[in-house]
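Here, each number is a calculation from the coordinates, and none is a lab measurement. From a predicted model like this one, the values you see are computed outputs, not experimental measurements. Neighbour counts are summed over all protein chains in view; Cβ atoms, including those assigned to glycine, are modelled from backbone coordinates with ideal geometry.
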Amino acid sequence: MTRVRPLRWLGRLLLGLIAVQLLYFAAATIGGMIPANAQWKEAGEGIRVYVADNGVHTDLILPVAAEGVDWRDLVRPGDIRDSRYAGLSHLAFGWGDRAFYLETPDWGAIRPGTALKALFGSDGTVLHIAHMPEPRPGPKLRAVMLRPDEYRRLAAYVRATFATGPDGRAAPIPGYGAADAFYAARGRYSPLSSCNEWTGRGLRTAGVRTGAWTPLAFSVMFWR
């Protein structure tokens, strides 16, 4: 009898965790399908930005310099291991939990403890920025043409994420390879305000038609 009761409670706990996951997935699906800025139409010409999806995480890919926005005051050649990559035309911006980002160079390196901590939320966040040439659109990488004012709103949103000091710069942290670096960031990470919701919020701020809530990668890409 005493053995049965703990097993019963364990079973209920597991069922509860599964139910929470299913509800979260359902809410993420609905949130991605409900459009914000529903009347928005893509510009015929302007500034082309990109949304990249690796199946779990999304990045915004922006030109190094366009429409009066130049990222080189924040993202400097000396911040990466090989400054030659700083001459490339585009930057990939991703935001997320500091510990998870720094300790997970690839999905095979995920540690259960690190992932569990991220699920409970964290005030420690970073921006991951990679220098790259202009990408080629594909199923997992979509181009979005923005008007100048839309692009400036998106850029202002991204810029406001940097946790800058008195010198106007965010502290750089070594990246995974020769062409990327991390930077101290603002914002609290949680399942409700995830790395993908950061991407979706940026697109909504720019005025682009995007899901009303985009906590998962597919939520971001639904309207792409």
Original post:
How much net charge surrounds A170 when only the other residues with a Cβ under 14 Å from the Cβ of A170 are counted, with Lys and Arg +1 and Asp and Glu -1?
Top reply: +3
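What is the fewest-to-most order of K41, K140 by other Cβ atoms lying within 10 Å of their Cβ? Spell out each step's value before the answer.
On the way: K41 7, K140 14.
Lowest count first: K41, K140.
Around D79, what is the net charge, scoring Lys/Arg as +1 and Asp/Glu as -1 over all other residues with Cβ under 10 Å from its Cβ? Please list the in-between numbers first.
Details: positive: R76, R81, R169; negative: D180.
Result for the local shell: +2.
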Original post:
Taking the chain as a Gaussian network, Cα atoms linked when under 10 Å apart, which of A184, A19, A86 shows the biggest mean-square fluctuation?
Top reply: A19
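Sort 22-28, 203-209 by packing, meaning the average of other beta carbons within 10 Å per residue, with the highest value first. It would help to have the intermediate numbers written out before the result.
Working: 22-28: 13.6, 203-209: 21.6.
Top to bottom by mean Cβ count within 10 Å: 203-209, 22-28.
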Original post:
Which ordering of T104, T29, T210 is given by a fewest-first count of other beta-carbon atoms within 10 Å?
Top reply: T29, T104, T210
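If R₀ is 35 angstrom, what is the calculated FRET efficiency for the pair F25 and D167, using the beta carbon separation as r and rounding to 0.05? Please list the in-between numbers first.
Values: r = 43 Å, r/R0 = 1.23.
Efficiency, rounded to the nearest 0.05: 0.25.
Would you mind counting up the charge near R153? Only other residues with Cβ under 12 Å from its Cβ, with Lys and Arg at +1 and Asp and Glu at -1. Can you show the working numbers first?
On the way: positive: R147, R152, R159, R201, R204; negative: E67, D149, E150.
Within the 12 Å Cβ shell, the charges total +2.
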Original post:
Once phi is turned into ³J(HN,Hα) by the Karplus curve 6.51 cos²θ - 1.76 cosθ + 1.60 with θ = phi - 60°, what whole-Hz value does each residue of region 159-171 show in order, with x for glycine and proline?
Top reply: 4, 5, 6, 5, 8, 7, x, x, 7, x, 10, 9, 5
Original post:
In whole Hz, what ³J(HN,Hα) sequence does region 146-152 give by Karplus (6.51, -1.76, 1.60; θ = phi - 60°), x for Gly and Pro?
Top reply: 10, 6, x, 5, 5, 5, 5
Original post:
Among G124, G200, G138, which one shows the biggest mean-square fluctuation in a GNM of the chain, springs joining Cα atoms closer than 10 Å?
Top reply: G138
